[in-house]
Amino acid sequence: MGFLFGKKKKVQQEEGEKQRPGIRFPEGIWIKCASCLEIIYKPEVERNLNVCPKCNYHFRVPVMERIRSVSDEGTFAEFGDDYESIDMLGFSDSKKYSDRLKDARKKTGRKDATVIGTAEVGGVPVVLAVMDFEFLGGSMGSVVGEKIALAAEKALEIGCPLIVFSASGGARMQEGTLSLMQMAKSSAALARLGDAGHAFISVLTDPTTGGVAASFSMLGDIIIAEPGALIGFAGPRVIEQTIKQKLPEGFQRAEFLLEHGMVDMIVERTRLNAVLALLLKTLTAHTGK
Amino acid sequence: MILQYLDFERPIADLENKLEQLRRGDDGTDKTVRDEISKLEKKIVKVRKDVFANLTRWQMTQLARHPNRPYMLDYINFCFKNFIEIHGDRAFHDDAPIVCGFAELEGERVVVIGHQKGRNTKEKIARNFGMPNPEGYRKALRVMKLAEKFHLPIITFIDTPGAFPGIGAEERGQSEAIARNLLEMSHLKTPIIVAVVGEGGSGGALALGVGDEILMMQYSIYSVISPEGCASILWRDPAKAEIAAEMMKITSPDLLKFGVIDRIIPEPEGGAHRDHKEAAESLKKELVQTLASLLPLPIPQLLDRRYAKFRAMGQFKKKAGGAA
């Protein structure tokens, strides 16, 4: 759990992206696709929802761009933006947790790794939560857990569906066992939403692993995965070390999960809004909410 | 069972060996030998007190994993009567690292569910070192639903390094199995008592850990990742596990302070492995009292209480002026 965080070099090599120059959308106009290695025109990629026009590779999407592309224009209203993580353990490895938080806030301009708000998608009112992988690997500490629970409670209060976009390496080790408990907290909030008959659509983006996969992300009434997304409980390296075997090609990718019956569908980003709208209309058809 | 010693138990072990030798040579006639014995006995008590008064978090981790530590089935044997084991998830397999069944606690019929480690090499392999596969969690959930249906309270025992990281586990949805248990346990309509008795390793532990009262044996640990795992990620060196254990604050006094657990169950002098029966009696006393306090609660109240308990977990700052 949390294996994607703090291991940047290794992960980037495994992911086969980011370590190559140009892939992180720098100032330049031209970027190189992590998958097909083609040099592509950046504005064209952005217009295409951060999908490579040559090979269909799905880049990670910045949080605000995701919210803009998913919600109907002008409908998103953020709430719960006043929660900030604290270093309750006095945790320090090569760097203090409090400094890591400061750096992450500076880098992303956000207080923590999740943005929540009300919105409309295809004309249906929803509560939307989007995780930010750029903030400490999207790791789930007290604030992320709290905000997912708040989002579920808001959906229950309004009586509307909840959509969560996951992107996380797992639980945030720097918050110790309290980060583990966020798995229980978020799942309990979803139980209440489900008991009241409201839909939860979980969208798994690259990567969704560890404690986030093993809690709210895998609890969707409908689970959608983005193409190629890494999704799993244990990190590939941990599994290899445990079983002393090479992992099969495509292991823990979205397509692997679909084949094993763990997700409902893989939806390309360019079709995602249409699919979400249709699902929302269907799931709210007889509840009117 | 051959008693094994941890490094920091060595001074105690040496004295105990000496005492053993003296006792063997003592025919009850030599007063100096008897004096020596009684002196040594007092010394052992003192040395043990000193060692155990100043345990580091890493030493507590070692105690939680002690090869002689009582496991779930030892507690079942000492605390419960008429245990009947229930097997399988009705879909794929019977996963041995998780044991489920019916039992009686002081005349009260209950469902028991917990992790089980193996004592010797053969058992360890059969129990997969206490690391469940998804079907283990699904078996547990199936039995929890039985408990709900037949209005039986549930007692869970947590003792696992973590859920098994393997190819098959991923193929069969380890994440989903754990997540499902968290959701279902949060609103299961029957009392649930959780006892962390050894290693509470990550999501694989929590998947049996959502309940109304969370108890923890004194020298158990409960953590988001093993100290070794944390060390290899953050320090890039598993040998830094000792520091990671200190940093993550994974012991029972730590977790009581952070509101993760409700009560600490005292262990015998020197740890539960020194006296299984005494450890079990200590746990049993607490289980009986806790169960008696939960049984009168109406189910809606019980569930509100359970929700509020986990809903309150976590610490953060809330800045005024935000759009909350």
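The values are calculated or read from the model by the stated rules, or taken from the named source; none is laboratory data. Just so it is clear, the model here is predicted, and its values are computed rather than measured. Note: ideal-geometry Cβ built from the backbone for every residue, glycine included; neighbour counts use all protein chains shown. Remember, those area values only see protein heavy atoms, side chains included, never the ligands or the DNA or RNA. Shrake-Rupley method; radii C 1.70, N 1.55, O 1.52, S 1.80 Å.
The figures follow:
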| item | result |
| --- | --- |
| Span per principal axis, largest first, for the Cα atoms of chain B (Å) | 75, 50, 41 |
| For chain A, with +1 on Lys and Arg beta carbons and -1 on Asp and Glu, the positive-most of A:G159, A:S94, A:A214 along the dipole | A:S94 |
| For chain A, projected area of the alpha-carbon convex hull averaged over all directions, nm² | 15.0 |
| At least 20 Å along the helix axis (C-alpha) and Kyte average at least 0.5, DSSP helices within chain A | A:142-158, A:269-283 |
| For segment B:61-312: accessible area per residue (Å², 1.4 Å) | 34 |
| Carbon and sulfur %, accessible surface of segment A:103-154 computed with the full protein complex present, 1.4 Å | 49 |
| Nearest 10 degrees, 0 to 90: helix B:276-294 Cα axis against chain B principal axis | 30 |
| Residues in segment A:211-238 that, when all protein chains are in place, have 30 Å² or more less accessible area than the chain alone would give (probe 1.4 Å) | A:A214, A:M218, A:L219, A:F233 |
| Binned Cα-Cα distances of the protein assembly as shown, short to long, each 20 Å bin given as a whole percent | 20, 51, 23, 5, 1 |
| Volume of the Cα convex hull of segment B:1-135, divided per residue and given in Å³ | 172 |
| Segment A:215-289 versus segment B:119-152: alpha-carbon centroid distance in Å | 26 |
| Charge context of A:V63, other residues only, Cβ under 13 angstrom, K/R +1, D/E -1 | +1 |
| Percent of Cα pairs exceeding the 16 Å cut-off, where the set is segment B:10-54 | 37 |
| Principal axis box of segment B:206-289, alpha-carbon based, largest edge first, Å | 44, 30, 22 |
| Shielding by other protein chains, B:241-253, mean Cβ within 10 Å | 3 |
| Förster radius 51 Å - calculated FRET efficiency between B:N68 and A:K281, Cβ distance, rounded to 0.05 | 0.25 |
| Cβ neighbours within 10 Å from other chains - mean over A:251-261 | 2 |
| Over segment B:181-324: Rg over Rh, Cα atoms, Kirkwood Rh | 1.02 |
| Shielded by partner chains, segment B:167-195 residues - at least 20 Å² of accessible area, 1.4 Å probe, vs chain alone | B:I167, B:E170, B:E171, B:S175, B:E176, B:I178, B:A179, B:R180, B:L182, B:L183, B:S186, B:H187 |
| Alpha carbon centroid spacing (whole Å) that separates segment B:1-76 from segment B:208-269 | 25 |
| Share antiparallel - DSSP beta bridges, chain B, percent rounded to 5 | 40 |
| Nearest-20 debye value, segment A:212-263 charge dipole, Cβ charges on Lys, Arg, Asp, Glu | 300 |
| Helix B:174-186 axis, angle to chain B major axis (alpha carbon atoms, nearest 10°) | 80 |
| Solvent-accessible area buried by B and A, counting both chains, probe 1.4 angstrom, square angstrom | 5400 |
| Buried on assembly, segment A:167-196 (at least 40 Å² less accessible surface than by itself, 1.4 Å probe) | A:M173, A:T177, A:L178, A:L180, A:M181, A:A184, A:K185, A:A188, A:A191, A:R192 |
| Rounded to the nearest 20 debye, dipole of segment A:58-170 from Cβ charges on Lys, Arg, Asp, Glu | 460 |
| Assigned charges on the beta-carbon of Lys, Arg, Asp, Glu; the protein assembly as shown dipole about Cα centre (debye) | 780 |
| Net charge of Cβ neighbours under 13 Å - reference B:S186; Lys, Arg +1; Asp, Glu -1 | +3 |
| Percentage relative contact order, segment A:41-134, counting C-alpha pairs under 8 Å, at least six apart | 27 |
| C-alpha long axis of helix B:31-53 to longest principal axis of chain B, angle in ° | 30 |
| Carbon + sulfur, % of accessible area of chain B - ligands and nucleic acids excluded, 1.4 Å | 53 |
